[in-house]
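A quick write-up on the structure given underneath.
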Amino acid sequence: MRRYTGWTLVREVLLILLAIAWMIPFYFLVIVAVKPDAEALQSPLSFPDSLHLSNFSTAWNDASLDRSLVNSLIITGGSVLALIAIGSICAYAIARRPGRMSTTLYFLFVLAIILPFQLGLVPTYAVMRDFGLVGSYLGIILLYTGIWMPFSVFLYTGFVLALPKEYEEASRVDGASALRTFRRVVFPLLRPVTGTVAIFTGLIIWNDFFLSLIYLNGTDKTPLPVAVYSFVGAFASRWNLIFAAVIVSLLPIMIFFLVAQRHLIRGFTGGIKT
Amino acid sequence: MSERAAPARRRRRRSGGTVPWVWVLPAVAVVLAFRYVATGAGTWYAFTDWDGISRHATWVGLDNFHEIFEDPAARGALVHTLELAFAFVITANVIGLGIALGLHRTLKTRGLLRAIFFLPVVMSSLAVSYVWQFIFSYTGPLNTLLDTVGLESLKRPWTGDPTWALWTIFVVLVWQFVGLSMVMYLAGLEGIPEELDEASAVDGASTFRRFRKVTLPLLAPAITVSVTLSTIYGLGVFDQVLAVTGGGPVDASETLATQIYKQTFAFGRFGYGTALSLVLTVLITVLAVSQLFVLRARERRM
């Protein structure tokens with residue numbers, strides 16, 4: 001079955017051709033981004049005569065991508081940390097105290113996964129605006145934490161339930177407190193699922209546009225997607241500058257993908273198979 | 001401490017019963033607030049004319065929903081969302097499954113190809129959508145290609161054409177989602193024991209028959225996950241619309257999510273916006289849950 005036959009070769013060639021077709025958008029993204037204005041306007045599709053790298057500095061400065069990069073890091077980092085810290089201790093309590101209470105709580109989280117968040121969006125916005133949380137890091141981090149917490153608790157609970165109790169029991173017998181036992185013994189054992197939660201929620205939050213547009217547009221706390229959106233609004237159809245901004249905004253994820261592609265795919269699918 | 005209490009305490013420790021319930025509070029609080037209370041409030045506001053600023057909202061019964069089904073823009077958004085999601089779910093899953101079947105086993109470039117197809121999944125939908133807007137623009141690559149091959153008659157401003165604008169978004173959606181669908185099917189295929197396939201091959205079953213009788217039934221769980229997830233994703237489409245067409249020309253590619261955004265935050269009609277959200281929520285829940293039931297029942301039959 002595993003022999004490499006003539007038919008396998010045909011399959012391989014066909015898929016390589018399809019993969020090349022799949023990459024076409026990236027080809028245009030790169031060649032247009034390095035063209036000067038005149039060339040980008042007159043012959044956008046030709047191979048660039050020379051590298052015009054100043055588009056990148058223009059985009060970097062005019063779209064204030066440096067600031068947005070920091071914003072994206074703060075927002076994604078803050079939300080993921082909250083999802084991991086709050087989600088893991090909650091799941092640990094649910095998994096280690098079986099009974100009617102934990103069943104009810106577990107059901108509360110599972111049901112919330114199915115419940116689409118769109119309906120709560122508008123009232124949440126109004127309440128958070130009244131509390132001054134619109135346009136702030138804290139507000140958007142709270143929002144993402146609330147929206148993705150059911151996933152985090154669900155994934156952690158499943159993992160803790162499959163975890164043997166011996167280590168933590170030994171630690172408790174040695175006189176360590178519950179919190180110390182969790183921090184020193186349990187949490188390190190949760191590493192695989194922590195990775196899944198971090199990658200899955202981290203990617204979604206990093207790339208989210210809808211919520212950050214609503215909560216942060218027009219402030220100085222806009223993450224990368226909103227910054228690119230505003231930049232396009234200001235530089236409509238100057239494709240070379242737009243594409244330079246797009247490339248810069250995609251770069252962090254691209255590098256992450258190149259370095260940790262396998263983990264990333266596994267973590268992402270791990271988060272989905274719920 | 002009395003000596004009698006000590007063994008009892010140790011037993012409690014051993015059963016792990018001393019994890020304090022307080023630990024669940026932060027997670028329960030955010031989920032109650034941002035999921036349950038918010039959804040409850042949204043359901044109520046959907047039946048009001050709330051402007052989002054005043055403290056009071058007047059109950060208007062089903063007025064908002066009458067408007068949704070009568071106003072061409074809102075009704076159009078509903079129809080577009082359904083058309084787009086339907087075509088997208090089928091196409092993305094067929095291509096995703098096809099690529100997964102092609103990549104499964106023996107290919108030398110398997111890892112590289114998998115990475116290439118998956119790359120669009122991890123990228124900002126908004127950012128990559130601009131590349132597609134360029135590809136579909138009047139002087140862009142697609143029309144240039146049509147020129148070169150002598151099909152000038154087909155040239156058009158794709159994103160500005162009332163008939164085609166919606167389908168440019170469809171292309172972006174499929175391009176971005178296929179990689180995710182592919183890895184879900186690949187994971188499913190990896191779970192199929194090789195012996196099973198070989199045994200039926202030895203028995204003389206044709207490739208197609210093997211696919212239908214062995215592979216497809218065992219892929220049922222992967223199909224359930226991929227179809228349900230793409231349905232949820234397709235119905236909620238927002239980023240791609242805003243970047244590629246902006247909902248235009250003249251509402252020709254508006255979807256429910258873009259209408260929610262515009263009605264609420266551009267026109268300040270918070271009540272009407274939540275009514276649209278309620279329609280979208282019901283649509284997602286009903287379709288996703290009924291799909292889950294149907295596909296899970298099918299899994300068991302197989």
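FYI, it's all coordinate maths here, none of it is from the lab. What you see is a predicted model; the values in this text were computed from it and never measured. Cβ coordinates were reconstructed from backbone atoms using ideal geometry, including for glycine residues, and neighbour counts include every protein chain displayed.
A few comments on the model shown:
- Translational diffusion of the range B:15-115, µm² s⁻¹ [Kirkwood Rh, Cα pairs; Stokes-Einstein; 25 °C; 0.890 mPa s]: 126 µm²/s
- Computed from backbone phi, the HN-Hα couplings of the range A:221-234 come to 10, 5, x, 3, x, 5, 4, 5, 4, 5, 4, 5, x, 7 Hz, rounded to whole numbers (Karplus: 6.51 cos²θ - 1.76 cosθ + 1.60, θ = phi - 60°; Gly and Pro given as x).
- Here the gap between B:Asp51 and B:Asp63, fully extended at 0.36 nm per residue and compared with their Cα-Cα distance, gives a gain of 2.8 nm.
- Magnitude of the charge dipole, chain A, Cβ model with Lys/Arg +1 and Asp/Glu -1, debye to 20: 1140 debye
- Separation in nanometres of the label points that stand 7 Å from Cα toward Cβ, at A:Ile24 and B:Lys213: 4.0 nm
- Hull volume in cubic angstrom per residue (convex hull over the Cα atoms of the protein assembly as shown): 197 Å³
- Under a Gaussian network description of chain A, with springs only between Cα atoms under 10 Å, the residue in A:Tyr27, A:Tyr215, A:Tyr156 that fluctuates furthest is A:Tyr27.
- Sites A:Tyr137 and A:Leu189 - FRET efficiency at Förster radius 22 Å, r taken between beta-carbons, to 0.05: 0.10
- Taking the longest Cα principal axis of chain A as reference, the axis of helix A:137-161 is set at about 50 degrees.
- Computed from label points 7 Å out along Cα-Cβ, the spacing between B:Ala201 and B:Thr106 is 0.6 nm.
- The Kirkwood radius of chain A, taken over pairs of alpha-carbon atoms, gives through the Stokes-Einstein law at 20 °C and 1.002 mPa s a diffusion coefficient of 98 µm² s⁻¹.
- Only one residue of A:Pro164, B:Met123, A:Leu121 has its Cα farthest out toward the positive end of the dipole of the protein assembly as shown, where Lys and Arg carry +1 and Asp and Glu -1 on Cβ, and that residue is A:Pro164.
- Long-range amide H partners of B:Thr48 with built H, under 5 Å: B:Val60
- Taking chain B as a Gaussian network of alpha-carbon nodes connected by springs under 10 Å, the highest mean-square fluctuation of the residues B:Ser206, B:Ser181, B:Ser226 belongs to B:Ser206.
- Of the residues B:Gly150, B:Gly247, A:Gly175, the one whose Cα sits farthest towards the positive end of the charge dipole of the protein assembly as shown is A:Gly175 (charges of +1 on Lys and Arg Cβ, -1 on Asp and Glu Cβ, taken about the Cα centre).
- Extension gain for A:Met101 to A:Lys165 (0.36 nm times residue separation, less C-alpha to C-alpha distance): 21.0 nm.
- Mean-square fluctuations from a GNM of chain B, with a 10 angstrom spring cutoff on Cα atoms, peak among B:Pro120, B:Pro26, B:Pro141 at B:Pro26.
- Two-site FRET efficiency, B:Leu82 against B:Lys155, from Cβ-Cβ distance with R₀ of 35 Å, rounded to 0.05: 0.75
- A simple charge model with +1 on the Cβ of Lys and Arg, -1 on the Cβ of Asp and Glu and nothing else charged puts the dipole of chain B at about 1960 debye relative to its Cα centre.
- Subtracting the Cα-Cα distance of B:Gln291 and B:Asp147 from 0.36 nm times their residue separation leaves 47.5 nm of extension gain.
- Across A:Lys165/B:Lys213; A:Lys35/A:Lys221; B:Lys108/B:Lys155; A:Lys35/B:Lys262, pairs whose alpha-carbon gap is larger than 32 Å: A:Lys165/B:Lys213; B:Lys108/B:Lys155; A:Lys35/B:Lys262
- Helix-only arithmetic for the protein assembly as shown: the sum of -39500 (n - 2.57) across DSSP H runs with n ≥ 4, divided by the residue total, places the mean residue ellipticity at 222 nm at -22500 deg cm²/dmol.
- Using alpha-carbon coordinates, inclination of helix A:6-33 to the longest axis of chain A, degrees: 70 degrees
- Calculated FRET value between A:Val13 and A:Leu251, using beta carbons and R₀ = 35 Å, to 0.05: 0.65
- Span-like helix ranges in chain B, DSSP H, alpha carbon extent 24 angstrom or more, Kyte mean at least -0.5: B:72-103, B:165-190, B:270-301
- The three principal axes of the Cα atoms in the range A:6-57 give end-to-end lengths of 48, 22, 15 Å, sorted in falling order.
- Cα gyration tensor shape of chain B, rounded if a/c is under 1.5, else prolate or oblate by comparing a/b with b/c: oblate
- Within the range B:259-275: backbone nitrogen closer than 18 Å to the A:Thr219 label point (7 Å, Cα to C-beta): B:265-266
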